[in-house]
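The values are calculated or read from the model by the stated rules, or taken from the named source; none is laboratory data. Keep in mind that what you see is a predicted model, and the values were worked out from it rather than measured. Don't worry about glycine lacking a Cβ; one is built from the backbone with ideal geometry, like all the others, and counts go over all protein chains shown.
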């Protein structure tokens, strides 16, 4: 195979109770990428549409991630890359992760699959390191593996796949304000109250139980975050109002997607999803802030080949 | 029914990654209690064997727990209580919880079961409040419900039952030193590093996943505690050496039971359990500290009626 075209999905990380360890793959939002082998021993970004992102291979997350993979393989294979970005950079739904994970997925396919999806995570994380200064896995892991991913630990890296209850849907609202992951991390205090941490791990443990038992109400009750959300939500216009509106209209839970500014409402089934989406839209339209609004089921397989 | 005799089991709380939220019920270690209705509108402890504990109803965890239940019922029913304690007070395997949970379980039976097991937790917690100053549920919940219990939250109180993989065994070593729950709580700092908290909730989430998938190795790898264990283990003689010996001899994991001084080794199957128990015994015999040593499967049903 000389060329491959893929869909690289958006992802929702943190999910309230799972800061830095939990992520979920979305189905309807994502980029398209074309990778083609070249004989130049070089990684080249030929074009990027939809977003203004660096084309130089040392500054683009896609090429940096592929480079990490090639170094491990001892390969000097070159690739030409074309990216159609639909996920806005800095939106909080894994824009850099889609490019990083998509790039290593596609390159791995063209090289005859020397790695499985899980093994690609560590290379895609190098793209995240470039994007945010932090080689986190909670977006690239679900992008590569699909469904819910749990990053159990970083040293050593251990990522688990968790079940995806079939009726879970996400509504994603992206207020079009600028909020860099770096800045969004800066507001976070490095010390937390033990009692808050206990509450958080009680909720995350209950959330995982809810995924296994398909207990949607329990999943909803577990989407609580007394640690990060109070610090970050002040950066997102009308966060509390939106949250109340989503919950009043039937959302299971509501929180910040990744490091924001996107927010997510988790819903059960299509009817609740449509209601919540409509209510969030009507509320935000009044506020004079531009926004994107999406809804999506869970993508259970992650990145997929288009042709 | 005028009289009931029950077995009130020991429990292991915290389990390394689940501080204050996780507990498990043991099968072979426990107290016996007899409750009998009286017509005096009084709660009386007639005798306690095995341990030197208060007989006055306002100072004993069993009567305090029953009193909380009777107040909710608006009942003035009296009970006479006899307790044969096999679980040493202050051992860290839920001695006060066995008495509190056993008492409300037995009284509830004699009253025609106005409450289910889960509803009894809140009354048994009043016994814990008396014993340690903290109305925690991570021992009384598994004592009442059996298996693994997760305390998702205290406000409101929500307790979940988690699966019990069939081959899990515990080895419990109780060094006969005095360590009060109050003192053991005093060494704990109320602020923790966010990065340590993230590690802890990643491990607890993975532990819960391991219970559902019966992945014993994952369960073992998740039994890690970078927050509480470093503070408390210094109070337990030869903790690190015991831990290494247990792990070298095939334990899945090792940690402090409750607030100590008992320690637990979690093992898979009877052979590993026997090996780990023998190795821990041989090591501790040399040290000149008296100790009790038990092993047990998981008790899946909790408190049981003896006759």
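Laid out as a table, the results:
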item: Any chance residue A:167 is away from chain B (no Cβ under 14 Å), within 19 Å of the chain's Cα centre (by Cα), in contact (Cβ under 8 Å) with a residue 12 or more places away in the chain and over 23 Å from residue A:32 (Cβ atoms); result: no
item: Matching option when the condition is crowded, with 23+ Cβ neighbours inside 10 Å, in the same structural domain as residue A:149 (by TED's automatic domain parsing) and in contact with a strand residue (DSSP E or B) (Cβ under 8 Å, 6 or more places away or on another chain), among A:93, A:34, A:48; result: A:93
item: Odd one out for residue B:119, checked against (1) more than 25 Å from residue B:292 (Cα to Cα); (2) within 14 Å of chain A (Cβ to nearest Cβ); result: (2)
item: Matching residues, the stretch B:174-205, being facing another protein chain (nearest Cβ under 8 Å) and either in contact (Cβ under 8 Å) with a residue 40 or more places away in the chain or within 14 Å of residue B:236 (Cα to Cα) (or both); result: B:188, B:189, B:200, B:203, B:204
item: Selection count, the stretch A:128-144, where residues are more than 14 Å from chain B (Cβ to nearest Cβ) and touching a strand residue (DSSP E or B) at 6+ places or on another chain (Cβ under 6 Å); result: 3
item: Any hit, the stretch A:281-288, residues being farther than 15 Å from residue A:92 by Cβ and in contact with a strand residue (DSSP E or B) (Cβ under 8 Å, 6 or more places away or on another chain); result: yes
item: Yes/no for residue B:306 being farther than 20 Å from residue B:92 by Cα and free of Cβ contacts under 8 Å to residues at least 24 places away in the same chain; result: no
item: Filtered residues of the stretch A:229-276 (kept if in a strand (DSSP E or B) and either under 19 Å from residue A:175 (Cα atoms) or in contact with a strand residue (DSSP E or B) (Cβ under 6 Å, 6 or more places away or on another chain) (or both)); result: A:253, A:254, A:255, A:256, A:263, A:264, A:265, A:266, A:267
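Every residue, every condition in (1) within 30 Å of residue A:177 (Cβ to Cβ); (2) surrounded by 21 or more Cβ atoms within 10 Å (Cβ to Cβ); (3) assigned by TED's automatic domain parsing to the domain that holds residue A:283, yes or no:
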residue	(1), (2), (3)
A:196	yes, no, yes
A:199	yes, yes, yes
A:208	no, yes, yes
A:215	no, no, yes
A:218	no, no, yes
A:235	yes, no, yes
A:242	yes, yes, yes
A:245	yes, no, yes
A:258	yes, yes, yes
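Condition check ((1) buried (at least 20 other Cβ atoms within 10 Å of the Cβ); (2) under 16 Å from residue B:210 (Cα atoms); (3) at pLDDT below 95) across all residues:
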site: A:134; (1), (2), (3): no, no, yes
site: A:141; (1), (2), (3): yes, no, no
site: A:165; (1), (2), (3): no, no, no
site: A:170; (1), (2), (3): yes, no, no
site: A:173; (1), (2), (3): yes, no, no
